[in-house]
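Note sheet for the following structure.
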Amino acid sequence: REELRSAYEQIAASEEKLRQQVGELAEREREIRISEARLVMAQEIARTGSWEYDFATNEILGSAETLHLFGYRHEAGRVPVEAIESRIREKAENRQALTDLARTGKAYDIEYTIDPADGSPERRVHSVARLEKDAGGRPVRIIGVIQDITDRQRAEQSRSESEARFRELADLLP
């Protein structure tokens, strides 16, 4: 009887400890979801997305904002690399930059134009990435960020055109 009572008390104590751990895990999960929601909101506001290229699967794991820039659904997920490449005008340059990063570690820091899949207007983007390797030094994935710079480029072009017109007027003045 004493052994059973002792075993029961141990089980009860273990059960209480498990309940506490489950509660802690639930709280951590809630905090992670809040952080994820904040990250998604920050990426939408900044018009900046994140992406990973997986060598093993030949897929891109894109954040919701990354996929939005390419004209795909608004939730994060995996997309075949061909679906992303098909939207990039400067395919050869982009592919070469990724190859250089994977083979030689050359910095991937490029700008290119996207023709979104949903038919929305073209976008000019800036993307930066780094290579991750396994313990043996073999490439595993490329992790990057992408930012929509369309508005900035239009503003710069407009400013340049205004400056050119101003110079023309200034040259015409006596």
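Miscellaneous remarks
- Positive-pole candidate from Gln10, Met41, His126, dipole of the chain, charges at beta carbon: His126
- Charge dipole (debye, nearest 20) of the chain; +1 at Cβ of Lys and Arg, -1 at Cβ of Asp and Glu: 240 debye
- Nearby lysines by direct alpha-carbon distance to Lys106 (threshold 25 angstrom, same-chain neighbours under 8 apart not counted): Lys91, Lys133
- Distances between placed amide hydrogens fall under 5 Å for Val140 paired with Glu132, Lys133, Asp134, all partners being 5 or more residues away or on another chain.
- Helical segments meeting 24 Å axial Cα length and Kyte-Doolittle 0.0 threshold in the chain (DSSP H): none
- Estimated 222 nm signal from helices in the chain, with DSSP H stretches of n ≥ 4 weighted -39500 (n - 2.57), rounded to 500: -18000 deg cm²/dmol
- Chain lengthening between Glu156 and Ile110 when straightened (0.36 nm per residue, less Cα-Cα): 14.8 nm
- Calculated FRET value between Arg78 and Thr99, using beta carbons and R₀ = 22 Å, to 0.05: 0.55
Each reported figure results from applying straightforward, stated rules to the coordinates on display, with no laboratory input. Values in this document were obtained by computation on a predicted structure and should not be read as measured data. Glycine also receives a Cβ, built like all others from the backbone with ideal geometry; neighbour counts cover every protein chain displayed.
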